[in-house]
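The block underneath contains the structure these notes are about, expressed in structure tokens.
The values are calculated or read from the model by the stated rules, or taken from the named source; none is laboratory data. Worth saying up front: this structure is predicted, and the values here are computed from it rather than measured. Note: ideal-geometry Cβ built from the backbone for every residue, glycine included; neighbour counts use all protein chains shown.
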Amino acid sequence: MTPLLSVRDLRVGFGRDPRANEVVRGVSFDLADGETLAIVGESGSGKSVTALSINRLIDFGGGRITGGSIALKRANAAVLDLASAREPQLTGIRGAEIGMIFQEPMTSLNPVLTIGTQIEESFRLHRGLTGRQATAAARDALDRVRIPDAARRLKYTPNQLSGGMLQRVMIAIALACNPRLLIADEPTTALDVTVQAQIMALLAELKRETGMSVIFITHDIGLVAGIADRVMVMQNGQAVEQGELNQILDHPSHPYTQHLLHAVPHFANGRAARADGQRDKDAGTKPALEVDGLVVRFPLKSGFFSHATGAVHAVDGVDFDLMPGETLAIVGESGSGKSTTAKAVLGLVRSTRGSFSVGAAAASAARSARPVQMVFQNPYASLNPRLTIESILAEPVIATGGRVNAETQARMASLLERVGLPRTSLARYPHEFSGGQRQRLCIARALMLNPSVVVLDEAVSALDVSVQAMVLDLLVDLQREFGLAYLFISHDMAVVERIAHRIAVIYAGQIVEIGDAASVLSKPKHSYTKKLIAAVPTIDRRREHFELDTRQIPSLVRPPGFEPAPARWEQFGRDHMARVEA
Amino acid sequence: MKRILRAIFGHGSGRIGGVIVGVYLLLALLGLLGLTPHNPITQYRIDRLHAPSAAYWMGTDLFGRDVASRLMAGIGQSFTVAFFSVAFATLAGTVMGLAAAWLGRRWDGIVMRIMDVLLAFPAILLALLIVTVAGPGTWTSVVAIGIVYTPIFTRVVRGPALSLKAREFVDAARTFGSSPSYIVTRHLLLNLVAPLTVQVTLALAWALLTEAGLSFLGLGTQPPAASLGLMLSDSRNLMETAPWLMIFPGLAIMISILGFNLLGDALRDILDPKTRRALA
């Protein structure tokens, strides 16, 4: 039987001379009816380019197919080579026979049209439905992706829906014409873990219902386990290994696959938590940072006289303390207030209420001998592209009134070496470094002032898994060497498990559970923590089902003068407590 | 710098624009230094309204002055006014744009509303107004044209400055406690050099045109000094008997503006990271 899709020796290049700049270099694979192929690789491996070549969207991104064939078995059993097909033919295939969903649901939908109109468009183009028929079809499509209250939601514009809901809408559009092949390009990368789990479950369910084939592209090999039948691992534009799911995960033969599987942070329910540096309260050491009753609210004003109509309660009564040499991870989903907490500690956001033991002084680095410093999420945005590394590293010194002298120069050089970059980097510019190297530069810059606390705001989230592992190791080493306390903000439980001594789970602006990392991860008490942990994708949880849950995070907008009820805590063990649920 | 020059000459329209602007700069310099074929204000009474010839390359005007020499002197004069007025606009616009973006809130509102009012007037009308109030002359035209183009620079600076202000490296600078002046100069201004360069080149073209317009109306350069706009104005009544009086200054204005626009387009392509290939 001929496979649905048969790709042979595919080559894709970019630029004026595509043959000289090949990004995909001879990839071959087959996809049978109803099969799911996961393409795994790090950024720049050519996985997305491969997928975009299949429906020839690559033509619009400046790419050219320079060789090979892509044979698609069409509905009437005729075989068409997509690599050489003409544009009018392709227009009939995209959407009708090959559906596609993208990484960013927020930007793949038109913000000024209702989602109903956008779903109807697909039916109008490919099935010729109009008016009421199209609306009815759109409603059915939304029902199919389990969006509650579909008839009403059709009239919503994208800004009224959350990221997870929008990705469901994207899936509804992609599946509108019952394509026999769905290409999903990192469909959950921009989403929170619990939402990711819901989307993955939905995809698996829809696949079972429709019997379509799926090409699933991801950088996260942990995510593959739940959905794929077969896996293809890509590196530098070539498929280094492909085979059955179990074979790849259990007996990888190519060194790069082994490396990827090793580098990916395995979540082990707290068994892999750090055992060093157990906190010992009786020793009487002073905490490096103490946060007491932190509240951050952003007032909402409306009307002609801009009177207060309420406030966004971004952080609502957060307490924790952080010992020298300890890592406290703040875990939560987007919008939970974890980044706002970090920014308040650094004085980047003004707190409405609450106190910090070192915060007041640390907010202005000039007034503290050992200030609080921060490493940001995006290594590409946190270094000024027009300054040399020397100027970048010198900035904290200049800012605190110091002079750039031989001593500073020596410190810069030694820190660069310590974070694993050559001394010669000083004269270079940020764009000459890779993402991982830039993050090392950011770490070096944060260490220039010899801080007591370093806030790491999603500091490894933007990095590829293998780079991520190395940066995490570096952070642990630096912590031991300089006695640093880390406030590690993250949404990724597996990463947190590797670096945290203690964990605080934050939900809707409040800490719901806090305690020893091993204890919180192995015996979560709060229902939200349980949900978060259950959603972590791992290669050990193959074909495990996740309950579809369409609840949204409660609104953080409160009327003026609203105060949350005081928290009641329940103690579990020596260092582990959870908020009592209402 | 060398890299940018090389890139300009590697860019199709940049090469043409660069050569035109280069030739004009040379002519302007010669005109300002008085190195012209004849004295631009000497009146050769016998040779009045002489057609272009070997002695008078572009002919002579009603008073028997050599048009080629006056053209060079005029280019010198027009360029001087254009350069100083654009320098004025760049400085004033950058300072106000940065202030509006950095101080934000009320200051942003005040500065930008003033700029909106200035922008609401057509350029030449506003320049006319200022010159009429202050009295005609070279330096009043410089100030008038400078004020007219300040709002454009304010806008060009404010927009990117606002987005740079929200970038993480500015947040990072705040966490070390960097002073506002350090952040504004190193983090904002340094990243604004590219858009400003493009804007300066384009503004030079507009300033030349506005200067010519003011002089044409008799409010810019005063006779007997030469200026392109003044020469055009003088030629109006002799259009049919001595067309060279109009053709040469008219062409001079047109080609100079074409040159600056081509150069500006090339710079935009070269300095914009999205079309960075031109540099590689």
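When you go through A:Leu175, A:Leu191 one by one, which is the residue that is over 20 Å from A:Asn55 (Cβ atoms) and hydrophobic (A, V, I, L, M, F, W, C)?
Working: A:Leu175 fails: over 20 Å from A:Asn55 (Cβ atoms).
Result of the check over A:Leu175, A:Leu191: A:Leu191.
Yes/no matrix, rows are residues, columns are (1) touching a helix residue (DSSP H, G or I) at 6+ places or on another chain (Cβ under 7 Å); (2) in a helix (DSSP H, G or I):
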residue	(1), (2)
B:Ala7	yes, yes
B:Gly22	no, yes
B:Leu35	no, no
B:His38	yes, no
B:Ala51	yes, no
B:Ala55	no, no
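Looking only at segment B:242-262, which residues are touching a residue at least 12 places away in the same chain (Cβ under 8 Å), part of a helix (DSSP H, G or I) and among the hydrophobic types (A, V, I, L, M, F, W, C)?
Here is the first cut: in segment B:242-262, the ones touching a residue at least 12 places away in the same chain (Cβ under 8 Å) are B:242, B:244-246, B:248-250, B:252-253, B:255-262.
Still in the list and also part of a helix (DSSP H, G or I): B:244-246, B:248-250, B:252-253, B:255-262.
Hits for segment B:242-262 are B:Trp244, B:Leu245, B:Met246, B:Phe248, B:Ala252, B:Ile253, B:Ile255, B:Ile257, B:Leu258, B:Phe260, B:Leu262.
Out of segment A:399-441, which residues are aromatic (Phe, Trp, Tyr) and either surrounded by fewer than 18 Cβ atoms within 10 Å (Cβ to Cβ) or in contact with a Gly (Cβ under 7 Å, 6 or more places away or on another chain) (or both)? Lay out the reasoning, then the answer.
Residues of segment A:399-441 aromatic (Phe, Trp, Tyr): A:429, A:433.
Answer for segment A:399-441, where residues must be aromatic (Phe, Trp, Tyr) and either surrounded by fewer than 18 Cβ atoms within 10 Å (Cβ to Cβ) or in contact with a Gly (Cβ under 7 Å, 6 or more places away or on another chain) (or both): just A:Tyr429.
Only one of B:Val133, B:Val143, B:Val157 is surrounded by fewer than 21 Cβ atoms within 10 Å (Cβ to Cβ) and either over 17 Å from the mean Cα position of the chain (by Cα) or basic (Lys, Arg) (or both). Can you tell me which? Working first, answer last.
On the way: B:Val143 fails: either over 17 Å from the mean Cα position of the chain (by Cα) or basic (Lys, Arg) (or both); B:Val157 fails: surrounded by fewer than 21 Cβ atoms within 10 Å (Cβ to Cβ).
B:Val133 is the lone residue from the list that is surrounded by fewer than 21 Cβ atoms within 10 Å (Cβ to Cβ) and either over 17 Å from the mean Cα position of the chain (by Cα) or basic (Lys, Arg) (or both).
Take the residues in segment A:296-350 that are touching a helix residue (DSSP H, G or I) at 6+ places or on another chain (Cβ under 7 Å) and not aliphatic (A, V, I, L, M), then tell me which one is nearest to the other protein chains (Cβ to nearest Cβ).
Of the residues in segment A:296-350, the ones touching a helix residue (DSSP H, G or I) at 6+ places or on another chain (Cβ under 7 Å) are A:296, A:314-315, A:318, A:325, A:327, A:329-333, A:345-349.
Filter again for not aliphatic (A, V, I, L, M), leaving A:325, A:327, A:332-333, A:347.
Values: A:Gly325: 21, A:Thr327: 19, A:Gly332: 20, A:Glu333: 21, A:Gly347: 8 Å.
The extreme case among them is A:Gly347.
Being surrounded by 18 or more Cβ atoms within 10 Å (Cβ to Cβ) and either assigned to a helix (DSSP H, G or I) or free of Cβ contacts under 8 Å to residues at least 60 places away in the same chain (or both) is the filter here; which residues of segment A:76-93 pass it? It would help to see each step written out before you state the result.
Start the filter on segment A:76-93 by keeping residues that are surrounded by 18 or more Cβ atoms within 10 Å (Cβ to Cβ), which leaves A:82-83, A:93.
Answer for segment A:76-93, where residues must be surrounded by 18 or more Cβ atoms within 10 Å (Cβ to Cβ) and either assigned to a helix (DSSP H, G or I) or free of Cβ contacts under 8 Å to residues at least 60 places away in the same chain (or both): A:Leu82, A:Ile93.
Quick one: B:Met72 ticks every box in (1) out of contact with any Ser or Thr (no Cβ under 6 Å at 6 or more places or on another chain); (2) within 30 Å of B:Pro223 (Cβ to Cβ) bar one, so which box is it?
(1)
Given (1) surrounded by fewer than 22 Cβ atoms within 10 Å (Cβ to Cβ); (2) closer than 30 Å to B:Ile20 by Cα, where does B:Leu164 come up short, assuming only one miss?
Unmet condition: (2).
Determine which single condition A:Phe216 fails, assuming it passes every other condition in (1) among the hydrophobic types (A, V, I, L, M, F, W, C); (2) farther than 29 Å from A:Leu72 by Cα; (3) surrounded by 23 or more Cβ atoms within 10 Å (Cβ to Cβ).
(2)
Being assigned to a strand (DSSP E or B), under 14 Å from A:Glu97 (Cβ atoms) and touching a residue at least 24 places away in the same chain (Cβ under 8 Å), is that true of even one residue in segment A:43-61? Please lay out each step first, then the result.
Initially, segment A:43-61 is screened for residues assigned to a strand (DSSP E or B), giving none.
No: segment A:43-61 contains no residue that is assigned to a strand (DSSP E or B), under 14 Å from A:Glu97 (Cβ atoms) and touching a residue at least 24 places away in the same chain (Cβ under 8 Å).
Is it the case that A:Glu186 is at pLDDT 80 or above, among the charged types (D, E, K, R) and farther than 25 Å from A:Gly335 by Cβ? Talk me through it step by step, then tell me what you get.
Working: at pLDDT 80 or above: yes; among the charged types (D, E, K, R): yes; farther than 25 Å from A:Gly335 by Cβ: no.
No, not satisfied.
For segment B:221-241, enumerate the residues that are touching a residue at least 40 places away in the same chain (Cβ under 8 Å), surrounded by fewer than 21 Cβ atoms within 10 Å (Cβ to Cβ) and either in a loop (DSSP other than H, G, I, E, B) or not charged (D, E, K, R) (or both). Don't jump to the end; show me each part of the working.
Keep residues of segment B:221-241 that are touching a residue at least 40 places away in the same chain (Cβ under 8 Å), which gives B:221-222, B:224-231, B:234-235, B:238, B:241.
When the remaining residues are screened for being surrounded by fewer than 21 Cβ atoms within 10 Å (Cβ to Cβ), the result is B:222, B:224-225, B:234, B:238, B:241.
If the condition is that a residue be touching a residue at least 40 places away in the same chain (Cβ under 8 Å), surrounded by fewer than 21 Cβ atoms within 10 Å (Cβ to Cβ) and either in a loop (DSSP other than H, G, I, E, B) or not charged (D, E, K, R) (or both), then B:Gln222, B:Pro224, B:Ala225, B:Leu238, B:Thr241 are the ones that fit.
Answer yes or no: is there a residue in segment A:302-321 that is more than 26 Å from A:Ser162 (Cβ to Cβ) and surrounded by 22 or more Cβ atoms within 10 Å (Cβ to Cβ).
Checking segment A:302-321: not a single residue is more than 26 Å from A:Ser162 (Cβ to Cβ) and surrounded by 22 or more Cβ atoms within 10 Å (Cβ to Cβ).
Whether any residue in segment A:469-483 is among the polar types (S, T, N, Q) and under 22 Å from B:Phe169 (Cβ atoms) is what I want to check.
Initial filter on segment A:469-483 (among the polar types (S, T, N, Q)): A:479.
This time we only want the ones that are under 22 Å from B:Phe169 (Cβ atoms), so: none.
Taking every residue of segment A:469-483 in turn, none turns out to be among the polar types (S, T, N, Q) and under 22 Å from B:Phe169 (Cβ atoms).
Is it the case that some residue within segment B:67-77 is on the phi < 0 side of the Ramachandran plot and in contact with a strand residue (DSSP E or B) (Cβ under 7 Å, 6 or more places away or on another chain)? Break it down stepwise before answering.
Narrowing segment B:67-77 to residues on the phi < 0 side of the Ramachandran plot: B:67-77.
Okay, now just the ones that are also in contact with a strand residue (DSSP E or B) (Cβ under 7 Å, 6 or more places away or on another chain), so B:67.
There is at least one residue in segment B:67-77 that is on the phi < 0 side of the Ramachandran plot and in contact with a strand residue (DSSP E or B) (Cβ under 7 Å, 6 or more places away or on another chain).
Could you check, for segment A:433-444, whether at least one of its residues is at pLDDT 90 or above, more than 11 Å from chain B (Cβ to nearest Cβ) and either at positive phi or more than 23 Å from the chain's Cα centre (by Cα) (or both)?
Among the residues of segment A:433-444, at least one is at pLDDT 90 or above, more than 11 Å from chain B (Cβ to nearest Cβ) and either at positive phi or more than 23 Å from the chain's Cα centre (by Cα) (or both), which makes the answer yes.
In this structure, does A:Val496 turn out to be over 21 Å from the mean Cα position of the chain (by Cα) and closer than 18 Å to A:Leu322 by Cα? Break it down into steps so the answer makes sense when it comes.
Numbers: over 21 Å from the mean Cα position of the chain (by Cα): no; closer than 18 Å to A:Leu322 by Cα: yes.
Judged against the criteria, A:Val496 is not a match.
Report the residue count in segment A:413-430 for those that are touching an Asp or Glu at 6+ places or on another chain (Cβ under 7 Å) and either under 30 Å from B:Ser163 (Cα atoms) or within 13 Å of another protein chain (Cβ to nearest Cβ) (or both).
The total comes to 2.
Any idea how many residues of segment A:40-60 are surrounded by 18 or more Cβ atoms within 10 Å (Cβ to Cβ) and more than 25 Å from A:Glu87 (Cβ to Cβ)?
The total comes to 4.
How many residues, within segment A:365-398, are under 14 Å from B:Tyr182 (Cβ atoms), at pLDDT 85 or above, buried (at least 21 other Cβ atoms within 10 Å of the Cβ) and at the interface with chain B (Cβ under 9 Å from one of its Cβ atoms)?
The qualifying residues number 4.
Does B:Val193 satisfy being β-branched (Val, Ile, Thr), closer than 13 Å to B:Thr90 by Cα and under 12 Å from the mean Cα position of the chain (by Cα)? If you could, list the steps in order and put the result at the bottom.
Details: β-branched (Val, Ile, Thr): yes; closer than 13 Å to B:Thr90 by Cα: yes; under 12 Å from the mean Cα position of the chain (by Cα): no.
No; evaluated as a whole, the condition is false for this residue.
Among the helices (runs of 4 or more DSSP H) confined wholly to segment B:100-217, which include 2 or more residues that are within 30 Å of B:Gly74 (Cβ to Cβ), touching a helix residue (DSSP H, G or I) at 6+ places or on another chain (Cβ under 7 Å) and more than 14 Å from every other protein chain (Cβ to nearest Cβ)?
Numbers: elements: B:105-120, B:123-134, B:138-165, B:168-176, B:190-216.
Hits in segment B:100-217: B:105-120, B:123-134, B:138-165, B:190-216.
Among the helices (runs of 4 or more DSSP H) contained in segment A:458-531, which hold 1 or more residues that are among the basic types (Lys, Arg) and surrounded by fewer than 19 Cβ atoms within 10 Å (Cβ to Cβ)?
Working: elements: A:465-482, A:493-499, A:517-522.
Passing ranges, in order: A:465-482.
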